[in-house]
Amino acid sequence: MSAKIIDGKAVAARICEELKAKVAELTAAGKQPGLAVVIVGDNPASRVYVNNKKKKCAELGIYSEEHALPESVTEAELLDLIDRLNRDPKIHGILVQLPLPGNLNEQLILDRISPAKDVDGFHPVNVGRMLIGLPGFLPCTPAGVMELIKETGMVLAGKECVVVGRSNIVGKPQAILLLREHGTVTICHSRTKDLGAVCRRADILVAAVGKAELITGEMVKPGAVVIDVGINRNAAGKLVGDVHFDSVSQVAGWITPVPGGVGPMTIAMLMRNTVQSAEQSR
């Protein structure tokens, strides 16, 4: 048996086509969606992500501006910039590219972004709204994962869902979104006993732990939906996920590739949040 591939690129392209029409409509009405991206220092991976976001904004007709700050920037200067962007009517989304240099308090800076412009869905207000089921911006990667699961046609209600990883950016919000769809959710982490046995129970397995090819074929239930959020380099320098693709694809029913699975969805969801923010600001 060989798993069906969930094509994140194709799903993201479809969502972006719909957004493009919406952006044109908003722009015609004098409300062009706008995204401000703040990048500190010169982390090469962050630079790639920021360029991809800017490119996608240009494709969809979203106004974007980049604020590239030196690593020496002070916390006060960064907070001042966020305050200015919070007040700027042409900006509907503010994104501070993580990670920030160690001398800056990440939480303090994220908390300063207005919840109404927090298109990353990291602000405690939006996290709280997600937790209790109120409308708000959802974190982009977990929201993208939900779209990919939907693509398989699997109904989540009553299914065993296992999330490997408990980060604030993916693992925890992913568990909440699965729970909101009535999944029975288990969160695994570095202290979980017998990870393989827990994973084998999963109808839906989301790997978001940042360990190259941790999840192997014998850890997966036959026919399961396997979503790989990881992006790692293996010993040979090849880009791989948290899932050992060759062995897992022999067992799973559905699987996302790396690259081309979750990655494109994260950017599509960021664009969706930015457009949603512009709509709400009318």
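Values for this structure:
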{"item": "Degrees, to the nearest 10: 75-87 long Cα axis against longest axis of the chain", "result": "80 degrees"}
{"item": "Burial ordering of M265, M130, fewest other beta-carbon atoms within 10 Å first", "result": "M130, M265"}
{"item": "Beta bridge orientation in the stretch 139-263: antiparallel %, DSSP, nearest 5", "result": "10 percent"}
{"item": "Summed side-chain charge close to P101 - residues other than P101 whose Cβ falls under 12 Å, Lys, Arg +1, Asp, Glu -1", "result": "-4"}
{"item": "Three-way shape call for the stretch 139-263 based on the alpha-carbon gyration tensor, with the a/c threshold at 1.5", "result": "rounded"}
{"item": "Hits among lysines - C-alpha to C-alpha of K117 under 30 Å, sequence gap 8 or more where chains match", "result": "K9, K20, K22, K31, K53, K54, K55, K56, K90, K150, K172"}
{"item": "Charge context of G158, other residues only, Cβ under 11 angstrom, K/R +1, D/E -1", "result": "-2"}
{"item": "Cα long-axis angle, helix 171-180 against the chain (0 to 90 degrees, to the nearest 10)", "result": "80 degrees"}
{"item": "Fraction of antiparallel bridges per DSSP, the chain only, in percent to nearest 5", "result": "5 percent"}
{"item": "0 to 90° range, to nearest 10: angle between helix 262-280 axis and the chain longest Cα axis", "result": "40 degrees"}
{"item": "Gyration tensor (alpha-carbon) shape descriptor, the stretch 159-200, a/c threshold 1.5", "result": "oblate"}
{"item": "Options V40, S114, G102, ranked by Cα towards positive dipole end of the stretch 30-114, top entry (Cβ charges)", "result": "S114"}
{"item": "Entry for mean projected area of the Cα convex hull in nm² (calculated from the structure that is shown) out of (i) 17.1; (ii) 27.3; (iii) 14.8", "result": "(iii)"}
{"item": "Neighbour-count ranking [beta-carbon atoms within 10 angstrom, fewest first] of K159, K90, K20", "result": "K90, K20, K159"}
{"item": "Under-5 Å amide H pairs with V96, H placed in peptide plane, nonlocal only", "result": "V38"}
{"item": "Estimated inter-spin distance, E59 and T74, nm [label 7 Å along Cα→Cβ]", "result": "4.1 nm"}
{"item": "Exposure proxy ranking, count of Cβ atoms within 10 Å, fewest first, for E75, E147", "result": "E75, E147"}
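Read the figures in this text as sums done on the coordinates, not as results from a lab. What you see is a predicted model; the values in this text were computed from it and never measured. We place every Cβ from the backbone using ideal geometry, glycine too, and count neighbours over all the protein chains shown.
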